[in-house]
Amino acid sequence: MTNSVSTQKIETTILNNLIFNEEYTRKVIPFIKEDYFQDGIEKVLFKTIGSYVEKYKINPELEALSLDLQKVSFNEEQFKAANAYLEELKPSKVNLEWLLDETEKWCKDRAIYNAVLSGIHIIDGKDKERSADALPELLSKALGVSFDDHVGHDYIQQSDDRYEFYHTTEEKIPFDLEFFNKITKGGLPRKTLNIVLAGTGVGKSLFMIHVAASCLMQGKNVLYITLEMSENRIAERIDANLMNITMDDLHDLPRHMYESKFERLAKKTQGRLIVKEYPTASASCAHFRALLNELALKKTFRPDIIFIDYLNICASSRFRHGAVVNSYTYIKAIAEEMRGLAVEFNLPIMSATQTTRTGFVSTDIGLEDTSESFGLPATADLMFALISTDELLELNQMLIKQLKNRYADPSYFKKFIIGVDRSKMKLYDVSQIAQSDVVDTGQGEEIIDRFADFKV
C-alpha cells in the first residue's frame, strides 16, 4: 500500500480497520465524525460501527454489522449496496503509525472542508441560527482537529522520562530585572498565569508595559490585550520605554527624529508586538481565543507571551452578561479561563488585579488584600504585589512582595526593591545598598552536602 491514497481509498481503509484492527479503533474512534464521510453508505456504516463499539467495547464482526444494518431505514437498493460494501472489506496488514497519520490528516481536511461549507451557508444567509461572528470559531475548531493519544504519566514505567525532565532546561521568557529572574529561576515558563497585584495608580500597567517591551526586544512575539487604555496609549508608553524618552518629549519629537529612533529600534529585534483593545468588561477568554486564531490566519502571528490589562475588567465566558453571580465565583472563573488559555496555547499569560481598599493604603500587602476574589491566588502560578509609599516615590522606587510562587520557595527574596522611571514607563535594577534593608533571602546557613540523607 502506498502512502498516497485517494479520499475514497482512505475512507474505505478507515472503515476496514475499524472492523479488523482493535488497536487502531481504540485510538481513532473518539476523533472521527459521521459527517467526515462523503458517501451516504459510508456514513451509515461508520455510525453502525461506532454504536457497536460504544455498546460492546470491542470491534464488530461482519455478521453483526450486517444484522444491525437491517434496522436502518434503507430502501432495498441501498441495503444491497451496504452489504456489498461490507463484503469487500477484509483484514489487511498496514503500518499503524502511517495509518494514524493519514487518518488524522483526513479528519482535519474533512473538518476544514465542512467548516468552509458551513461558512458559505452562513454568509449566504441560509443558516438562520448563526451569524458571521461564528466564522472564526468554526475555522479554529477545524484547524485544531488532532489526535491526542496521551492518557497519562505512568509513574513506575516512566521514571527515566522524569529524570530527563529534571535535567532538561525548561524554556522560559526571562525578565530584564535581576530579582524577578531569581524568584522565577530564570523567567516565566509556558502554560502559566502570572498576576500583578496593586492599588489604583501604583503601576500595574507600567509593570506589564515594561515587561512586554523587554520581551519584544528579546525577539519574542508579544500580544498585549487592553481593556482600560486605548491601543495608541499602550503603544505610546512602549515607545517611551524602548526609545528611552519621556512621554512629554515623545510628543515634541520631530518626525525625522522619531522615524530615525524607531528604525534603529526595529533593527534590534525580530519580534512582533500586537496591541488589541476591547471595551471594558466586554471581552472574555472566548474572544481572546478567537483573536489568537484570527491573528494566526490573517497575520501568521503566534505570540510567545500574552499580557491582559487587566483581569478584573474582563468578562467570563461561563456567565452571560448581567448574570447574578458573586464576585468570588466570577473572578475565579476568569482566572481559571485565563490559565486554561495559557495551557491551550502553550505560553505564559501575565495579568493584573486590584487590591482591596485596605490593601490600597497598606504598606504590607498580603493575599487577603486581593480585590473581589480570594479564589484568584489559588489559580495563579505566580502572584506578587507592587507597593508604593511616599518615601519610595521620592526615591523613584517600588517595593515588590511575593505572595505566591510555584516556581521557587516564596520565602527566598520575599521582598525586594526595583527602580521606577514613570516618565519613561521603565523599570530597572537598583544598587545593592537600596536592597540591604529590605531583602530577606530566606536562605539561612549554607548546606554543605545537600544529598547526605540520600547516600547509601
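Throughout, read-outs are computed from the coordinates displayed, never taken from laboratory work. Predicted, not measured: the structure shown is a model, and the values here were computed from it. FYI the Cβ positions are ideal-geometry reconstructions off the backbone, even for glycines, and counts take in every protein chain you see.
What residues qualify as long-range amide H neighbours of GLN397, i.e. H under 5 Å apart, gap of 5 or more or another chain, H built at 1.01 Å from N?
Amide H neighbours of GLN397: VAL420.
Convert each backbone phi in the range 152-164 into a coupling constant with the Karplus relation 6.51 cos²θ - 1.76 cosθ + 1.60 (shift: θ = phi - 60°), then list the ³J(HN,Hα) values in order as whole Hz, x for Gly and Pro.
x, 8, 7, 4, 6, 6, 10, 5, 4, 4, 5, 4, 4
Calculate for the chain the 222 nm mean residue ellipticity that helices alone would give, adding -39,500 (n - 2.57) per DSSP H run of length 4 or more and normalising by residue count, nearest 500 deg cm²/dmol.
-13500 deg cm²/dmol
What angle, in degrees between 0 and 90 and rounded to the nearest 10, separates the Cα long axis of helix 204-217 from the longest principal axis of the Cα atoms of the chain?
70
Which entry in (i) 53, 28, 21; (ii) 33, 27, 22; (iii) 42, 34, 20 matches semi-axes √(5λ) of the Cα gyration tensor in Å derived from the coordinates of this structure?
(i)
Quick one: which residues, 5 or more positions from ARG272 or on another chain, have an amide H under 5 Å from its amide H? H modelled 1.01 Å from N in the peptide plane, none for Pro or chain starts.
ASN221, VAL222
Would you mind calculating the relative contact order of the range 125-283 from Cα pairs under 8 angstrom and at least 6 residues apart, reporting the percent as a whole number?
21
Explain nothing, just compute: Karplus ³J(HN,Hα) = 6.51 cos²θ - 1.76 cosθ + 1.60, θ = phi - 60°, for every residue of the range 293-298 in order, whole Hz, x for Gly and Pro.
Per residue, the Karplus-derived 3J(HN,Hα) values read 5, 5, 5, 5, 6, 8 Hz.
How about LYS267: which lysines have a C-alpha closer than 25 Å to its C-alpha, ignoring those fewer than 8 places off in the same chain?
LYS172, LYS220, LYS276, LYS298, LYS299, LYS424, LYS426
Could you give the size of the charge dipole of the chain about its Cα centre, using +1 on the Cβ of each K and R and -1 on the Cβ of each D and E, expressed in debye and rounded to the nearest 20?
It comes to approximately 640 debye.
Report, to the nearest 10°, how far helix 255-267 tilts away from the longest principal axis of the Cα atoms in the chain, using its own Cα long axis and a range of 0 to 90°.
For helix 255-267, the angle is close to 60 degrees.
May I ask what percent, to the nearest 5, of DSSP beta bridges between residues of the range 172-435 are antiparallel?
45
Quick one: which residues, 5+ away or cross-chain, put their amide H under 5 Å from the amide H of THR355? H built at 1.01 Å from N.
So THR355 has HN proximity to ALA198, GLY199, THR200, SER371.
Roughly how tilted is helix 7-20, in degrees to the nearest 10 and between 0 and 90, from the longest Cα axis of the chain?
Its long axis makes an angle of about 80 degrees.
Could you go through the range 337-351 in sequence order and give the Karplus-derived ³J(HN,Hα) for each residue, using 6.51 cos²θ - 1.76 cosθ + 1.60 with θ = phi - 60°, rounded to whole Hz, and x for Gly and Pro?
Residue by residue, the range 337-351 yields 5, 5, 5, x, 5, 4, 5, 4, 9, 6, 8, x, 10, 10, 9 Hz.
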